[in-house]
């Protein structure tokens with residue numbers, strides 16, 4: 001029973017994390033309340049630079065012990081153009097002591113590049 005309760009707590013934790021940072025400016029200080037992993041903090045701050053105050057919308061959450069996998073979307077407006085953009089991604093993380101201690105992150109880069117090309121009119125492909 002203790003394991004099931006901990007898994008439910010971890011699920012609630014990740015939902016609270018998404019809710020509390022969505023649609024708001026993401027600062028290192030704010031993120032460090034939830035995250036120890038400096039790479040994840042840097043990743044979220046980088047995305048914030050391109051999509052200020054982006055929202056995180058979880059589509060599916062899987063929890064096993066202290067490991068969580070979230071299929072989600074980051075949606076917001078591209079800073080360069082002010083036009084809407086959505087990035088599908090999967091985040092895997094491990095939680096200990098009510099903090100994300102490490103992670104892996106996969107974004108749908110093809111979708112992202114197609115949207116950026118359409119929104120900015122720039123072709124980001126290499127030329128021969």
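The values are calculated or read from the model by the stated rules, or taken from the named source; none is laboratory data. Note that the structure is predicted; figures quoted are calculated from it, not measured. Here the Cβ positions follow ideal geometry from the backbone for every residue, glycine too, while neighbour counts run over all protein chains shown.
I'm checking my understanding of the structure. Among residues of segment 28-69 that are in contact (Cβ under 8 Å) with a residue 60 or more places away in the chain and surrounded by 13 or more Cβ atoms within 10 Å (Cβ to Cβ), which one is nearest to residue 85 (Cα to Cα)?
Taking segment 28-69 first, the residues in contact (Cβ under 8 Å) with a residue 60 or more places away in the chain are 34-37, 39-40, 43, 65-66.
When the remaining residues are screened for being surrounded by 13 or more Cβ atoms within 10 Å (Cβ to Cβ), the result is 34-37, 40, 43, 66.
Working: 34: 25, 35: 25, 36: 28, 37: 26, 40: 21, 43: 17, 66: 31 Å.
Of everything passing the filter in segment 28-69, 43 is nearest to residue 85 (Cα to Cα).
Summed over segment 9-27, residues that are part of a helix (DSSP H, G or I), touching a strand residue (DSSP E or B) at 6+ places or on another chain (Cβ under 8 Å) and without any contact (Cβ under 8 Å) to a residue 60 or more places away in the chain total 4. Restricting attention to segment 86-118, the residues being over 13 Å from residue 73 (Cβ atoms), modelled with pLDDT of 95 or more and surrounded by 14 or more Cβ atoms within 10 Å (Cβ to Cβ) number 9. Of all residues in segment 71-120, those satisfying the criterion of being in a loop (DSSP other than H, G, I, E, B) and touching a residue at least 40 places away in the same chain (Cβ under 8 Å) are 78, 80, 98. Residues in segment 60-112 that are closer than 18 Å to residue 8 by Cβ and in contact with a helix residue (DSSP H, G or I) (Cβ under 8 Å, 6 or more places away or on another chain): 61, 63, 64, 65, 66, 68, 70, 93, 95, 98, 100.
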